[in-house]
Amino acid sequence: MAQFPTSLVAAGGLVGGYAAARWTGKRPLGGVVLAAAGTLAAREWHRRTTPTTTALLGAAYVAAFAGSHPLAKKIGAWPAVFTAAAAMAATTYATADR
């Protein structure tokens, strides 16, 4: 099976989760998108890396989601989501995708 870029899956989960919640008005739907992407990425991180790295990347994913909320109050919602997604993509790429 070919490897796929988990950095894009993780970043896409953050952006897609926010977009789904925003455009449908249903926050739980955004959570489903966020969780599905996180689960898919975590399964692949587990396959490619150590359990410690997988746990740290999972924690980074949750931290990116949580951190985007206070950041949104300072720079706006979409810029905060894109900033969090970019940080997560860079972290994931450096640790699991290279």
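The values are calculated or read from the model by the stated rules, or taken from the named source; none is laboratory data. Remember, predicted model here, so these are calculated numbers, not experimental data. Virtual Cβ from ideal backbone geometry, glycine too; neighbours counted across all protein chains shown. Just so you know, the surface numbers come from the protein's heavy atoms only, side chains and all, with ligands and any DNA or RNA stripped out. Shrake-Rupley method; radii C 1.70, N 1.55, O 1.52, S 1.80 Å.
What is the P(r) of the stretch 50-98, as percent of Cα-Cα pairs per 10 Å bin from 0?
That works out to 29, 47, 21, 4, in percent per bin.
Given only helices, namely DSSP H runs of n ≥ 4 each adding -39500 (n - 2.57), what is the per-residue ellipticity at 222 nm of the chain, to the nearest 500 deg cm²/dmol?
About -29000 deg cm²/dmol.
For the stretch 62-89 and the stretch 1-59, what is the separation of their Cα centres, given in Å?
15
Please list 29, 71 in order of solvent-accessible area, largest first, computed with a 1.4 Å probe with all protein chains present.
The ranking, largest first, comes out as 29, 71.
When the solvent-accessible surface of protein heavy atoms is calculated with a 1.4 angstrom probe, in what order do 40, 56 fall, highest first?
Final ranking, largest accessible area leading: 56, 40.
Packing-wise, with mean Cβ within 10 Å as the measure, how do 79-92, 8-21 rank, highest first?
8-21, 79-92
For the chain, take every pair of Cα atoms, bin their distances at 5 Å starting from 0, and report each bin as a whole percent.
Pair shares across the bins are 3, 15, 25, 25, 16, 10, 5, 1, 0.
Could you work out which residue, out of 77, 37, 64, moves most in a Gaussian network model of the chain, that is, has the largest mean-square fluctuation with Cα springs under 10 Å?
Maximum among the listed residues: 77.
About its Cα centre, how strong a charge dipole does the chain have in debye, to the nearest 20, once Lys and Arg get +1 and Asp and Glu get -1 at the Cβ?
Around 200 debye, computed over the chain.
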